[in-house]
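Asks: One structure follows; several queries about it will come next.
The values are calculated or read from the model by the stated rules, or taken from the named source; none is laboratory data. Just so we're clear, the structure is a prediction, and the values are computed from it rather than from any experiment. Every residue, glycine among them, receives a Cβ derived from its backbone with ideal geometry; neighbour counts consider all protein chains shown.
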C-alpha cells in the first residue's frame with residue numbers, strides 16, 4: 001500500500017526518523033564534512049578522505065574526439081522483453097551534441113501512440129534503471145525512449161563525464177523533439193520520467209517545455225541544491241567558497257595539464273562503516289545487480305570540476321509554474337526523500353501528486369520490480385496523455 005498525497009491536501013513534514021538517522025550516521029562517519037558532497041558518486045572520495053580535491057586524482061584526456069559507436073548486442077542490466085521491439089537511435093540537442101538512445105515499441109502497437117522519454121539516475125546509463133523503466137512502460141502500451149545524457153554513456157560531447165544543469169535539461173527537450181518527428185507518435189501526448197538526479201532535471205524540463213504533458217520524477221535529487229548546500233542543507237557561504245576555490249584550483253591544473261581530473265566513483269570495497277544509503281548505492285552499481293562498464297558511478301565517476309555550474313545555477317526555480325501534471329515518487333526510508341517533499345511544496349494545481357512508498361529506500365526505486373509503482377505510473381500517464 002502506498003501513501004498518496006495530492007496537492008489539495010495540506011503538505012506536512014513527512015520526513016521519518018529513518019531519514020534523520022541517515023543524516024546522523026552520515027555526519028558521524030564523515031566528521032561533518034558531508035557538506036562537500038556534490039553528488040553521491042562525486043563525493044565518495046570526499047566522504048572518506050576528508051578533502052574535496054585529492055592530489056592524486058586519476059585524469060582523463062579531454063582533447064580528443066571519439067566517433068560514436070553504438071553497441072548493437074543486448075548489454076542491459078535487465079532481461080530483454082519479448083513483448084516489445086527494441087532499436088538504437090540517435091538525435092541531436094540544440095547544442096549540437098548527438099545523444100544515443102534505446103527505443104522501445106510495443107509489439108501490439110497501432111496508430112499514433114503516447115510517448116515517454118526516460119533518463120537517469122545521475123551517473124548511470126540507459127542500460128541500467130532508465131532502460132528498465134522504458135522497457136516496462138513499453139510493455140504497458142507506451143512508445144518509450146531511454147537516453148544517455150550529454151557527455152556520458154554512448155552519447156556524444158566533449159569533455160566526457162561532465163554534467164550541466166542547462167544542457168541536461170535540454171537533453172529531455174531534445175528527446176521530445178526526436179519523438180515528435182516519428183510517424184508512430186502523437187506529438188500532443190508527450191511524457192517524461194526522470195530518475196534520481198534526472199528527476200530534478202525532468203521537473204526543470206517540464207517547467208520549460210510545455211509540450212511535456214506529464215512528468216514522473218522517481219526518487220529524485222535536486223542536484224543544484226545538494227551541490228551548493230550539501231546534504232540536508234548543511235553548507236554555509238564559507239563552505240561553498242572553500243569548495244569553489246578548491247574546484248577552481250583543480251580547473252587551473254586541468255587547463256595547464258591538458259587533462260581533466262576525475263572525482264572517482266564508488267570504491268571497489270566498502271569498510272562496512274558507511275551510511276546505509278552508500279551501501280545501497282554500492283549494491284546497485286558495483287555488483288551484478290546493476291553494474292555496467294559505461295556507468296560513471298561504477299567506474300571513474302564525474303569530472304571533479306563538473307560540480308561548478310550547479311553551485312550557481314539553481315534548478316526548479318520555476319517549478320511552481322508547471323501547469324501540466326507531475327507525479328513525484330519516493331521511498332519512505334530514502335535519505336533523499338526531502339528533495340521530493342520540498343519540491344512538492346513548490347508545485348501548484350490539482351494535477352500534482354506525491355507518492356511515498358512504504359519501507360522503500362532510494363535505490364529500491366531503481367530496479368525493484370515489486371516496489372516501483374508501475375500501475376500508478378500507467379494510470380497517471382493514461383490520465384494525462386489523452
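Asks: Restricting to the range 142-167, give me the number of residues that are in contact with a helix residue (DSSP H, G or I) (Cβ under 8 Å, 6 or more places away or on another chain) and either modelled with pLDDT under 95 or more than 20 Å from residue 265 (Cβ to Cβ) (or both).
Replies: Number satisfying all stated conditions: 8.
A quick yes/no check of all residues on (1) in the same structural domain as residue 132 (by TED's automatic domain parsing); (2) in contact with a strand residue (DSSP E or B) (Cβ under 8 Å, 6 or more places away or on another chain); (3) assigned to a loop (DSSP other than H, G, I, E, B); (4) surrounded by fewer than 24 Cβ atoms within 10 Å (Cβ to Cβ):
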{"position": "177", "(1), (2), (3), (4)": "yes, yes, no, yes"}
{"position": "204", "(1), (2), (3), (4)": "yes, no, no, no"}
{"position": "242", "(1), (2), (3), (4)": "no, no, no, yes"}
{"position": "251", "(1), (2), (3), (4)": "no, no, no, yes"}
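Asks: Could you tell me whether the range 211-221 includes any residue that is touching a helix residue (DSSP H, G or I) at 6+ places or on another chain (Cβ under 8 Å) and part of a helix (DSSP H, G or I)? Spell out the reasoning first.
Replies: Applying the first criterion (touching a helix residue (DSSP H, G or I) at 6+ places or on another chain (Cβ under 8 Å)) to the range 211-221 yields 211-221.
Of the ones still in play, those that are also part of a helix (DSSP H, G or I) are none.
Taking every residue of the range 211-221 in turn, none turns out to be touching a helix residue (DSSP H, G or I) at 6+ places or on another chain (Cβ under 8 Å) and part of a helix (DSSP H, G or I).
Asks: Continuing with this model, one more query. In the range 298-312, how many are under 15 Å from residue 223 (Cα atoms), part of a loop (DSSP other than H, G, I, E, B) and within 17 Å of the chain's Cα centre (by Cα)?
Replies: 1
Asks: Report those helices (runs of 4 or more DSSP H) wholly inside the range 336-386 carrying at least 3 residues which are touching a strand residue (DSSP E or B) at 6+ places or on another chain (Cβ under 8 Å) and surrounded by fewer than 22 Cβ atoms within 10 Å (Cβ to Cβ).
Replies: On the way: elements: 337-346, 364-367, 374-384.
Once the helices (runs of 4 or more DSSP H) in the range 336-386 are filtered for at least 3 residues that are touching a strand residue (DSSP E or B) at 6+ places or on another chain (Cβ under 8 Å) and surrounded by fewer than 22 Cβ atoms within 10 Å (Cβ to Cβ), what remains is 374-384.
Asks: When you go through 124, 187 one by one, which is the residue that is buried (at least 21 other Cβ atoms within 10 Å of the Cβ) and in contact (Cβ under 8 Å) with a residue 24 or more places away in the chain? Spell out the reasoning first.
Replies: On the way: 187 fails: buried (at least 21 other Cβ atoms within 10 Å of the Cβ).
On inspection, the qualifying residue turns out to be 124.
Asks: Let me ask another. For the range 82-113, how many residues meet the condition of being modelled with pLDDT under 95 and surrounded by 13 or more Cβ atoms within 10 Å (Cβ to Cβ)?
Replies: 1
Asks: Which residues, taken from the range 253-273, are touching a strand residue (DSSP E or B) at 6+ places or on another chain (Cβ under 8 Å) and surrounded by 16 or more Cβ atoms within 10 Å (Cβ to Cβ)?
Replies: Kept after step one, since they are touching a strand residue (DSSP E or B) at 6+ places or on another chain (Cβ under 8 Å), are these residues of the range 253-273: 253-254, 257-263.
Those that are touching a strand residue (DSSP E or B) at 6+ places or on another chain (Cβ under 8 Å) and surrounded by 16 or more Cβ atoms within 10 Å (Cβ to Cβ): 253, 254, 259, 260, 261, 262, 263.
Asks: Condition first: at pLDDT below 95, outside the structural domain of residue 266 (by TED's automatic domain parsing) and touching a strand residue (DSSP E or B) at 6+ places or on another chain (Cβ under 8 Å). Can you find one or more residues in the range 72-81 that meet it? Reasoning before the result, please.
Replies: Pass one, the range 72-81, residues at pLDDT below 95: 72.
Pick out the ones that are also outside the structural domain of residue 266 (by TED's automatic domain parsing) and you get 72.
Next cut, touching a strand residue (DSSP E or B) at 6+ places or on another chain (Cβ under 8 Å) only: 72.
Yes, the conditions are met somewhere in the range 72-81.
Asks: Which of the residues belonging to the range 78-93 are touching a helix residue (DSSP H, G or I) at 6+ places or on another chain (Cβ under 9 Å) and under 14 Å from residue 155 (Cα atoms)?
Replies: 89, 90, 91, 92, 93
Residue-wise test of (1) part of a strand (DSSP E or B); (2) closer than 25 Å to residue 202 by Cβ.
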| residue | (1), (2) |
| --- | --- |
| 69 | no, no |
| 72 | no, no |
| 77 | no, yes |
| 81 | no, yes |
| 87 | yes, yes |
| 96 | no, yes |
| 101 | yes, yes |
| 115 | yes, yes |
| 123 | no, yes |
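Asks: Could you check the range 130-166 and list, in sequence order, the residues that are outside any helix (DSSP H, G or I) and within 15 Å of residue 114 (Cβ to Cβ)?
Replies: Selection gives 140, 141, 142, 143, 144, 145.
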